[in-house]
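What follows is one structure encoded as structure tokens, with my remarks underneath.
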Amino acid sequence: MDSRLLQAEQLGVKLEIVNGLPLWEAQPVYRHQKAVDRIRSTINPALNTACQCIHIADVYVSFPNGSLKRPDISIFCREPDEDEEAITLVPEAVIEIISKGYEAKDLQIAPPFYLSQGVKDIVVFNPYTLAVLHVHPAGAEHHISPITLTLACGCSVTV
């Protein structure tokens, strides 16, 4: 993995490279992490699905176009092969929790990027307003938390 990404982590910065452009944000605050933990605790496979609904928080994912992102929550149908480097398996779904000052990154940049890389469901949660944006290839839906969503992979999640 690029040593610059690891150095940024040591400085308290979350660095991502999206379509060749570096994007950064400060490390998340408690409210953000509390939302991540709460949402992860609700992720479950639906009946009659082969998807294992493996969910991982804040891990580097190397996408097909070479971009490196760290979704707040990545959902996979199986365990990724990599456990010591960036994951190359494209997530079935990602969930981003908005941090103050970084709304554009999660609302304007992330959804079209993830769709272009084959992610089937993108959920963006604003813990300050309780707004939930669910983006998928067929369009986008706006909700207010709490809401339980069924994802294309067969997992359910309550945001």
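One residue is enough: does segment 69-76 have a residue meeting the conditions part of a loop (DSSP other than H, G, I, E, B) and modelled with pLDDT of 95 or more?
Here is the first cut: in segment 69-76, the residues part of a loop (DSSP other than H, G, I, E, B) are 70-72.
So of that shortlist, the ones also modelled with pLDDT of 95 or more come out as 71-72.
Looking for residues that are part of a loop (DSSP other than H, G, I, E, B) and modelled with pLDDT of 95 or more, one finds at least one in segment 69-76, hence yes.
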Exercise for the section: Output yes when any residue across segment 85-107 is assigned to a loop (DSSP other than H, G, I, E, B), within 20 Å of Val18 (Cβ to Cβ) and in contact with a helix residue (DSSP H, G or I) (Cβ under 7 Å, 6 or more places away or on another chain), and no when none is. Expected result: yes
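Scan segment 136-146 residue by residue and report those that are farther than 16 Å from Asn126 by Cβ and either open to solvent by less than 40 Å² (accessible area, probe 1.4 Å) or part of a strand (DSSP E or B) (or both).
Narrowing segment 136-146 to residues farther than 16 Å from Asn126 by Cβ: 136-139.
If the condition is that a residue be farther than 16 Å from Asn126 by Cβ and either open to solvent by less than 40 Å² (accessible area, probe 1.4 Å) or part of a strand (DSSP E or B) (or both), then His136, Gly139 are the ones that fit.
Return the only residue of Leu149, Leu130 being of a type in the set (A, V, I, L, M) and open to solvent by 40 Å² or more (accessible area, probe 1.4 Å).
Values: Leu149 fails: open to solvent by 40 Å² or more (accessible area, probe 1.4 Å).
Only one candidate qualifies: Leu130.
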Practice task
Pairs only if they're at least six apart or on different chains, beta carbon under 9 angstrom, first in segment 128-154 and of a type in the set (D, E, K, R), second part of a strand (DSSP E or B); list them, first residue then second.
Solution key: Glu141/Val132; Glu141/Leu133; Glu141/His134; Glu141/Val135; Glu141/Leu149
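The values are calculated or read from the model by the stated rules, or taken from the named source; none is laboratory data. Predicted, not measured: the structure shown is a model, and the values here were computed from it. Cβ coordinates were reconstructed from backbone atoms using ideal geometry, including for glycine residues, and neighbour counts include every protein chain displayed. Just so you know, the surface numbers come from the protein's heavy atoms only, side chains and all, with ligands and any DNA or RNA stripped out. Shrake-Rupley method; radii C 1.70, N 1.55, O 1.52, S 1.80 Å.
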